[in-house]
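A.B. asks: The structure is given below, and queries will be raised subsequently.
The values are calculated or read from the model by the stated rules, or taken from the named source; none is laboratory data. Keep in mind that this is a model prediction, so the values were computed, not measured. Cβ atoms come from the backbone with ideal geometry, glycine included; neighbour counts cover every protein chain shown.
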Amino acid sequence: MWDRIKHKFEKFPARMGVARKIVELGLRVGENGKIYCGDVEISDVALARGTGVDRRSIRSTVAVIMEDPELASIFGNIFPAGALLKNVASDLGFGVVEIEAQAGAPGILATATQLIAQEKISIRQAHAGDPELEENPKLTIITEKPVKGEMIQEFLEIQGVKRVSIY
């Protein structure tokens, strides 16, 4: 997907920034050329402010997307993943495990969730950052109750893991 997007916008950094922001926020481009978060329409001005471009860059990005059937299909089928509970986990009595790892290292989510399951702790959410969108993508796991700090070493033993935070 990213190769196709980069190819289409490589000569237009502002448009590339808009396309990245649309994907990052889970927005979609509707058949009518309008931008939506779920079923809520997002104004061009609001997205322009959030992206640091003018509204014309939003419109020109959408025009390029709409003209390309493959991009129109990709951007027309993106939906937000829902609320990430990381910042309110402690208020809700949940735990958080954040794992920073080498991008593309396989098996990190599977191994981390297995370690948590062995402690008889349920997982509420798992969110993996996209290496194309984030400089240091993290795997964030929200657990039904806090995970013991002693487990940090077990998480660090997973191949490809660089750093672990538990809170």
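A.B. asks: Here are some conditions: (1) within 20 Å of Leu133 (Cα to Cα); (2) without any contact (Cβ under 8 Å) to a residue 40 or more places away in the chain; (3) among the hydrophobic types (A, V, I, L, M, F, W, C); (4) loosely packed, with under 14 Cβ neighbours inside 10 Å. Trp2 meets all but one. Which one does it not meet?
C.D. replies: Only one criterion is unmet by Trp2, namely (2).
A.B. asks: Continuing with the same structure: Within the set of pairs 6 or more residues apart or between chains, which connect a residue that is assigned by TED's automatic domain parsing to the domain that holds Glu24 and surrounded by fewer than 16 Cβ atoms within 10 Å (Cβ to Cβ) inside the range 50-70 to a residue that is among the β-branched types (Val, Ile, Thr) and modelled with pLDDT of 95 or more with Cβ atoms less than 6 Å apart?
C.D. replies: Arg55/Val45
A.B. asks: Of the residues Leu47, Leu92, which is under 30 Å from Arg163 (Cα atoms) and among the aliphatic types (A, V, I, L, M)?
C.D. replies: Every option except Leu92 fails the conditions.
A.B. asks: Quick check on my filter: what residues within the range 5-24 are surrounded by fewer than 18 Cβ atoms within 10 Å (Cβ to Cβ) and in contact with a Leu (Cβ under 9 Å, 6 or more places away or on another chain)?
C.D. replies: Glu24
A.B. asks: Quick check, is Ala19 at pLDDT 95 or above and within 19 Å of Leu139 (Cα to Cα)?
C.D. replies: It is false that Ala19 is at pLDDT 95 or above and within 19 Å of Leu139 (Cα to Cα).
A.B. asks: Of Leu133, Leu71, Leu109, which residue is among the aliphatic types (A, V, I, L, M) and over 19 Å from Ile5 (Cβ atoms)? Quick ask: steps written out before the conclusion?
C.D. replies: Numbers: Leu133 fails: over 19 Å from Ile5 (Cβ atoms); Leu71 fails: over 19 Å from Ile5 (Cβ atoms).
Criteria check complete, one pass: Leu109.
A.B. asks: crowded, with 18+ Cβ neighbours inside 10 Å, in contact (Cβ under 8 Å) with a residue 12 or more places away in the chain and either in contact with a helix residue (DSSP H, G or I) (Cβ under 7 Å, 6 or more places away or on another chain) or not β-branched (Val, Ile, Thr) (or both) - does that describe any residue in the range 75-93?
C.D. replies: Looking only at the range 75-93, we keep the residues that are crowded, with 18+ Cβ neighbours inside 10 Å, and these are 75, 89.
Those still in the list that are in contact (Cβ under 8 Å) with a residue 12 or more places away in the chain too: 75, 89.
Pick out the ones that are also either in contact with a helix residue (DSSP H, G or I) (Cβ under 7 Å, 6 or more places away or on another chain) or not β-branched (Val, Ile, Thr) (or both) and you get 75, 89.
Yes, the range 75-93 contains a residue that is crowded, with 18+ Cβ neighbours inside 10 Å, in contact (Cβ under 8 Å) with a residue 12 or more places away in the chain and either in contact with a helix residue (DSSP H, G or I) (Cβ under 7 Å, 6 or more places away or on another chain) or not β-branched (Val, Ile, Thr) (or both).
A.B. asks: Could you list all residues from the range 94-106 that are more than 17 Å from the chain's Cα centre (by Cα) and exposed (fewer than 12 other Cβ atoms within 10 Å of the Cβ)?
C.D. replies: Pro106
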